[in-house]
Amino acid sequence: MNDRGRSSAVVIGCSTGGLKALRSLLGALRADLAAPVIVVCHRGSTDDREHLVELLAQAAPMPVQEPDERSRVRPNVVHLAPSGYHLLIEADETFMLSVDARVNFSRPAIDVLFESAAAVYRERLLAAVLTGANDDGAIGLKAVRARGGHALVQSPEEAEADRMPRAALQVAGADAVLTLAGIADRINQRCP
Amino acid sequence: MAANARPRMPTLAAHHREPPLNRPDPDDVELELFIRGLQLRHGYDFSQYARASLKRRVQALAIATGSRTIGELTSRVVRDDVLLPTVVSAMSVPVSEMFRDPPVFRALRAEVLPILASYPHINIWQAGCARGEEVYTLAILLEEAGLYDRCQIFATDFNDAALAQAQEGIFPVTEARQYAENYLAAGGAHTLNHYCHAKYDHIKFDSALRRNVTFANHNLVADGVFCEAHLILCRNVLIYFTNPLQDRVLGLFRNTLVRGGFLCLGSKESIDYSENAREFVALNRRARIYRLGAPSA
Ligand SMILES: C[S@@+](CC[C@H](N)C(=O)[O-])C[C@H]1O[C@@H](n2cnc3c(N)ncnc32)[C@H](O)[C@@H]1O
């Protein structure tokens, strides 16, 4: 495979239905995935706020962590945005947390992560928008595509909530519309 | 020989160099020029702010001021002094909450205030006080611990508009429920209503809560030590700074605190990369409460 078919970082955004979708997507990733996987999942005011890391760690074949600010983005780790903070990537591939105003009524916001990651990884970025009941992620995905990144959207038919994938498709379009299994395959292929 | 030594005239073609690979985006270049312009013309130095979030804020400001690009914003900011307060406000992120992260205030109540109680007079510096949310939080905490009359709170920020609002103690009523919940979760002795009253679309805090508060402009980038403090609260401010600036400010805090004084940072902050932080010992790691000096044996 040539370089054009490869990605060196993965960002994923989801909201309503996200926990279930993430468990199935992460569960299908290869254990030796080379790329870092950076996730924003909007969280309700319920318990899954605290337990999301554990719930995802049960499913994923690699470590799942909430990144410390200033720490390095690490390969073969799922980095989950902590509740109440925007998660951004700095040019030196370290994490930055901010408490700037909510974006799309959300903090963390998918757009914030995607836009900052797009600026750093450009055509080496793979971004996926999954299930959700709001429009967050659409503008971010557009930024990813504008920098030549690879954009995937979960098929609205499969998504538990189809608004987020539909908004992403309408605003940004995608390189492929896939099921969760298809998205996992694509990530496995592109991040050997 | 002589002919060879003559400097060769640059040809037109020589100017058409290939652009370097991985050259920065125009937006990023313009962001650097914006930072430089603000520094040269107005003396505000944001060069040590983390770029990813700064860029978002500057882009938002460009849109809010009707500028098509950051470059266009820069030339307006450089030429038009009237815009400066708007720029400072936009850079400053005065986003806060009363009793944000309630367990932190529980910890302050349980682990820090009892030790502070042994001092006849207590100085507290709240750095980056935004619109005063945490100032009133602190005042209530100290009041309920029976310490407030022995305390002096210095509440500082570099955003004058936010400071002016902090002095009013008025917050949108839409925030009231969250604050009230936080207050109870932090172990409050009453209900928050005890300290404020609702009026139309806002809540207003009892002015008596400000009786020992001094509000002042202080810029952590440029200004120095101005008091001796027993407790410094600086939450969610250093997260915006690069490592060198974070280190500078932690040095400032070290020089301000009395031996054994306390520092409370935001719940997700990490000081692992700071040289000056070595002199702080974690008292409650989760709550990000540190103490200056070695632990007493
Ligand atoms: C996100 S708010 C934090 C408010 C509050 N401490 C909290 O945690 O809820 C950050 C505050 O830091 C202030 N700030 C940022 N840079 C500063 C500087 N160089 N000097 C002083 N204050 C600064 C901003 O104006 C803003 O009010």
Residue of B:Ala155, B:Ala222, B:Ala282 that the Gaussian network model of chain B assigns the largest fluctuation, springs spanning Cα pairs under 10 Å: B:Ala222
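Of all chymotrypsin sites (Phe, Trp or Tyr not before Pro) in segment A:19-121, which ones are in loop regions per DSSP and have a Cβ with at most 11 other Cβ atoms within 10 Å? Walk me through the numbers before you get to the answer.
Numbers: sites: A:Tyr85, A:Phe95, A:Phe105, A:Phe114, A:Tyr121; in loops: A:Tyr85, A:Phe105.
Listed in order of number, the matching sites are A:Phe105.
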Debye, to nearest 20: dipole size of the protein assembly as shown, +1 on Lys, Arg Cβ, -1 on Asp, Glu Cβ: 880 debye
Cβ-Cβ FRET estimate between B:Cys227 and B:Asn22, R0 fixed at 41 Å, reported to 0.05: 0.30
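Estimate the FRET efficiency between B:His190 and B:Asp160 by the formula 1/(1 + (r/R0)^6), using the beta-carbon distance for r and 45 Å for R0, to the nearest 0.05. Please report the intermediate quantities before stating the final value.
Values: r = 33 Å, r/R0 = 0.73.
Calculated value: 0.85.
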For the protein assembly as shown, share of DSSP beta bridges that run antiparallel, in % to the nearest 5: 35 percent
Rounded tilt (10° steps) of B:176-185 against the dominant C-alpha axis of chain B: 60 degrees
Largest-first principal axis extents of the Cα set of chain A (Å): 43, 36, 31
Residue with peak Gaussian network fluctuation, chain A [Cα springs, cutoff 10 Å], from A:Val40, A:Val77, A:Val99: A:Val99
Charge dipole (the protein assembly as shown, unit charges on Cβ, about Cα centre) - positive-most of B:Leu61, A:Pro75, B:Ile122: A:Pro75
Reduced Cα scattering model of segment B:102-292, Debye log10 I(q)/I(0), q = 0.08, 0.13, 0.14, 0.16 Å⁻¹: -0.24, -0.66, -0.77, -1.02
Most mobile of A:Arg107, A:Arg23, A:Arg166 in a GNM of chain A (Cα contacts under 10 Å): A:Arg23
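Quick one: compute a quarter of the convex hull surface over the Cα atoms of segment B:83-159 and quote it in nm².
Value for segment B:83-159: 5.3 nm².
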All-pairs Cα distance distribution in segment B:38-132, expressed in whole percent, bin size 10 Å: 12, 34, 22, 17, 12, 2
Principal axes of the protein assembly as shown: Cα extent on each, largest first, Å: 77, 72, 55
Summed side-chain charge close to B:Asn243 - residues other than B:Asn243 whose Cβ falls under 11 Å, Lys, Arg +1, Asp, Glu -1: -4
A:Ile38 long-range amide H proximity, modeled H, under 5 Å: A:Val10, A:Val11, A:Ile12, A:His79
5 Å-binned pair-distance histogram of segment B:172-276 (Cα, whole percent): 2, 10, 15, 17, 16, 13, 15, 9, 2, 0
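At a Förster distance of 41 Å, what's the computed FRET efficiency of B:Ala60 paired with B:Ser118, Cβ-Cβ distance as r, to 0.05?
Values: r = 47 Å, r/R0 = 1.14.
Efficiency, rounded to the nearest 0.05: 0.30.
What is the average number of partner chain Cβ atoms found within 10 Å of a Cβ in B:52-61?
On the way: counts 17, 10, 2, 4, 9, 3, 0, 1, 3, 0.
Other-chain Cβ atoms within 10 Å of each residue's Cβ, averaged: 5.
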Diffusion constant of segment B:26-91 at 4 °C, which comes from Stokes-Einstein with the Kirkwood Cα-pair radius and 1.567 mPa s, µm²/s: 113 µm²/s
Simple spin-label estimate for B:Thr69 and B:Asp272 in nanometres, 7 Å along Cα-Cβ: 4.0 nm
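Can you give the local net charge around B:Ala176? Use residues other than it whose beta-carbon is closer than 14 angstrom to its beta-carbon, Lys and Arg +1, Asp and Glu -1. Before the final figure, lay out each step's value.
On the way: positive: B:Arg177, B:Lys199, B:Lys204; negative: B:Glu97, B:Glu133, B:Glu175, B:Glu181, B:Asp201.
Cβ neighbours under 14 Å give a net charge of -2.
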Calculated from backbone phi, Karplus (6.51, -1.76, 1.60) coupling profile of segment A:34-43 in Hz, x at Gly/Pro: 6, 7, x, 10, 10, 10, 10, 10, 4, 10
Neighbour net charge for A:Val120 - beta-carbon separation under 12 angstrom, K R +1, D E -1: -2
Alpha-carbon spread of segment A:66-173, three principal axes, descending order, Å: 38, 29, 24
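Read-outs: derived from the displayed coordinates by stated rules, not from any lab. As the structure is a prediction and not an experimental result, all values here were calculated from the model. Using ideal geometry, Cβ is built from the backbone for each residue, glycine included, and neighbour counts are taken over all protein chains shown.
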